[in-house]
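Contents: one structure, followed by commentary.
What follows draws every value from the coordinates through simple rules; no lab data is involved. Fair warning: this is a prediction, and the values are worked out from it, not measured in the lab. Because the Cβ atoms are built from the backbone with ideal geometry, glycine has one as well, and the counts that use them run over all protein chains shown.
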Amino acid sequence: MQMNVSDYLIFDAESGTYIENPEQAVRDDVEKHHWLNVLRAVIKDWRLYLMLVPMLAVFLLWRYLPMYELLGCFKVTDSVKPVAEQYYSGFSYFRTLIAGSGTLTTEFWRAFRNTFLLSFYGLCFGFPMPIIIALFFNEIRSNIMRSVYQVITYLPKFMSTVVMTSLVMMLVKQGSLTSGMGIISQFLVNIGAVTEDVAFKQGLMNNPSFFRAIYQISGIWETAGYDSIVFFAAIIAISPTSYEAAQIDGAGKLAQMKYVVLPSILSTIVIMLITRIGSLLNVGYEKVLLLYNTNTYVTADVVSTFSQRYGISGTMTGLASAAEMMNNVIGMLLVIGANTIARKASDVSLY
Amino acid sequence: MKRRLEISELIFKIISYVLLTVFAICCLYPFLYTISASISGREVVDYNRLVLFPKDIQFDAFSRMFNNNMFWNAYTNTLFLTFYGTIWEVFLSILGAYALSKKRLLFRKGFNFFLVFTMWFSAGLVPQYLNYIATKKVFNAVGIMDDKWLVVIAMGMAAMNIILLRNSFEGVPSEIEEAAIVDGATEMQVLWRVYLPMSKSIIATVTLFFAISRWNGYFWARQMISNGNEHPLMVYIRLRLEQYTDPEQMSAWSEPYSSDSVIYALIVCSIVPILVIYPFIQKYFAKGVNVGGVKE
């Protein structure tokens, strides 16, 4: 490729200086993406491209190839033949799920509703907690004390879902002839929050009306401390002079909160809120799967567990994939929408 | 005027301390209770006489568990999965992230989108399951009979962590890289001698995230590992909990410990490694979240 300075710079009579030639930039771009030049660049830099290959292969094989299995949504599946050999049945699974009249339809809509409600309640109760905790962290001036609080409150985040759910189940287990109920059930009975009948005989884990509360409270226990990191980082970035200025103007603590701290971390709050709204339909299947049982399906069954029950434990793979695909497609639209709004609102994009 | 300020500040400070202490106690209590319950005597645990401090201390629940081969199997399997899984993920992620951080990489936007898209949309549990089953058949056909390798190789690899690494690599000044190239460094040497030492803390963070998610992995290990002897610890704990009412798992009346204590002891053993490394790494992950949380 012959390079000539005069191709790149043209004389602009208006300003009297040389400016970049936009046409040449376009020509360069076309030139750069000509397949022969691409090949030449790749060969010249082959080490760099080789580094990329293993990672891309993993994503291709175990993230993108499963999407091919989604064809099963539109085919009659019997899970014996590979997807390629099955014949198309159109949208029958989707029709069954959305507008059928059997138990599958009612169960699907129940699962969809539960998915939405679980994350909506999480948004209402779980979202403000990290912000409040970050505000409190900011009040603690001693670095050692603050580190102690941080170490302790981040800890549950690092426990596995299995450990966490096992603990929850042990702490609220029902009683039997040979042993009492869990310590938290005992506490709730003692303060009169639940009746002995429910806590001892039935067990809180087997009562559908307690599932959502257990899910949210254990969720706050698990993540509130850790999620406060982002907000705390935003708070400590506030310049001390802002506080001083507010103090000189006679602002008390609450006024400082209102006029200094909250406006400064507002953009962080908005971004986190939008992300949260974007993931309204992504309820982690593992936690629900480990916490629910046949007694609590009414409030606990979410789309991914519905899909797991029929597609992995059962054999209705096509129907189960269809259910989760609908959920995930709506979820993806929410994420993209939320990200677009975030970009427009604050010039900050999440990805 | 000055007086009012001090009072409002003091009240707020006291409220902060009190509420944070309450929250910290709530966070810690289940773990402390678990430890106490694992070493307390039978009646204390069974009849809820335990509040916080252990009573009638016994270590038989632990020794019963330590004498169980299944427990050691599970522990070894978890160590295996964590060790090889983390190495595999960190290795691939560093190479990939390094390539992605280079401006001269062609189709860079496309490759980035290829990663990020997996964060937006996943095929779902059932298609993934069918895919893993197919992979398992391929693995068996080429002679890899141990399902643990399937879990190590095919699972994990979070796009978020790769993006964290990529962002950090992009922050390395290009002058340093150019200086190394002038001195005759190859691509691998640039990565090894320049980029890795300059991104130590982010690599530590990402390694930690990978290792913890491997240690805690449950669902796919349970679905894909068919041989019970190959199950990792988390699957073992869950199975024990599911067989809670199974008479074989209950402790006999003559024993000094409750059957609950065995499960509590199991949980203690599974979280001890995390508790041990946790204070050392704690300072890294706050940094990691700040760097990668928001990309402008």
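Data table
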| quantity | calculated |
| --- | --- |
| Distant-in-sequence amide H partners of A:L9 (H built 1.01 Å from N, under 5 Å) | A:N21 |
| Amide H partners (placed H, <5 Å) of A:K75, local residues excluded | A:S89 |
| Degrees separating the helix B:159-170 axis from the principal Cα axis of chain B, which is the longest one | 50 degrees |
| Cβ crowding within 10 Å averaged over residues, with A:110-116, A:12-18 ranked highest first | A:110-116, A:12-18 |
| Per-residue ³J(HN,Hα) for region B:176-185, Karplus 6.51 cos²θ - 1.76 cosθ + 1.60, θ = phi - 60°, Hz, x for Gly and Pro | 5, 5, 4, 4, 5, 5, 4, 6, x, 6 |
| Estimated D of the protein assembly as shown in µm² per second, where Rh is the Kirkwood radius over Cα pairs and Stokes-Einstein applies at 25 °C, 0.890 mPa s | 88 µm²/s |
| Per-residue average of Cβ from other chains inside 10 Å of B:156-169 | 1 |
| Kirkwood-based Rg to Rh ratio, chain B, C-alpha trace | 1.07 |
| Per-peptide average of other Cβ atoms within 10 Å, ordering A:187-193, B:121-127, B:11-17 highest first | B:121-127, B:11-17, A:187-193 |
| DSSP H segments from chain A that extend 27 Å or more along their own axis, Cα-based, with Kyte-Doolittle mean of 0.5 or above | A:208-236, A:317-346 |
| Intensity falloff of region B:1-111 expressed as log10 I(q)/I(0), Debye formula with alpha-carbon point scatterers, at q = 0.12, 0.15, 0.23 Å⁻¹ | -0.81, -0.87, -1.16 |
| Kirkwood Rh (inverse of mean 1/r, distinct Cα pairs), region A:5-74, angstrom | 16.4 Å |
| Length added when fully stretched, A:S267-A:R47, from 0.36 nm per residue minus Cα-Cα | 75.1 nm |
| Helix-only mean residue ellipticity at 222 nm for chain A, each DSSP H run of n ≥ 4 adding -39500 (n - 2.57), per residue, nearest 500 | -19500 deg cm²/dmol |
| Under 5 Å, built H, 5+ apart or other chain: amide partners of A:S160 | none |
| Table column - 3J(HN,Hα) (Hz), region B:216-233, Karplus curve with 6.51, -1.76, 1.60, x for Gly and Pro | 8, x, 9, 4, 6, 4, 5, 5, 9, 8, 7, 7, x, 6, 9, 5, x, 4 |
| Column: log10 I(q)/I(0), Debye, Cα scatterers of region A:150-190, q = 0.14, 0.25, 0.26, 0.28 Å⁻¹ | -0.43, -0.83, -0.85, -0.89 |
| Average partner coverage of A:294-301, which counts Cβ from other chains inside 10 Å | 0 |
| Greater than 21 Å apart at Cα, pairs in A:K201/A:K287; A:K157/A:K287; B:K148/B:K200; A:K157/A:K258 | A:K201/A:K287; B:K148/B:K200; A:K157/A:K258 |
| For region B:25-39, Karplus couplings with θ = phi - 60° (6.51, -1.76, 1.60), whole Hz, Gly/Pro x | 5, 4, 5, 8, 3, x, 6, 4, 4, 4, 4, 4, 5, 6, 10 |
| Folded to 0 to 90 degrees: helix B:69-100 orientation relative to chain B principal axis, Cα | 20 degrees |
| Per-selection Rg to Rh, region B:70-155 - Cα, Kirkwood hydrodynamic radius | 1.06 |
| Chain B: calculated mean residue ellipticity at 222 nm from DSSP helix runs of at least 4, using -39500 (n - 2.57) | -23500 deg cm²/dmol |
| Added length on full extension, which subtracts the Cα-Cα distance from 0.36 nm per residue, B:R64 to B:E255 | 67.7 nm |
| Average beta carbon contacts from partner chains per residue of B:234-243, 10 Å cutoff | 3 |
| Nitroxide proxy distance, nm - points 7 Å out along Cα→Cβ at A:A99 and B:I87 | 5.7 nm |
| Sorted peptide list for A:210-222, A:161-173, B:102-114, criterion being average Cβ within 10 angstrom, highest first | A:161-173, A:210-222, B:102-114 |
| Cα-based radius of gyration of region A:92-346 once divided by 2.2 N^0.38 Å, which approximates compact folds | 1.22 |
| Length-normalised contact order of chain B in % [C-alpha pairs under 8 Å, at least 6 apart] | 31 percent |
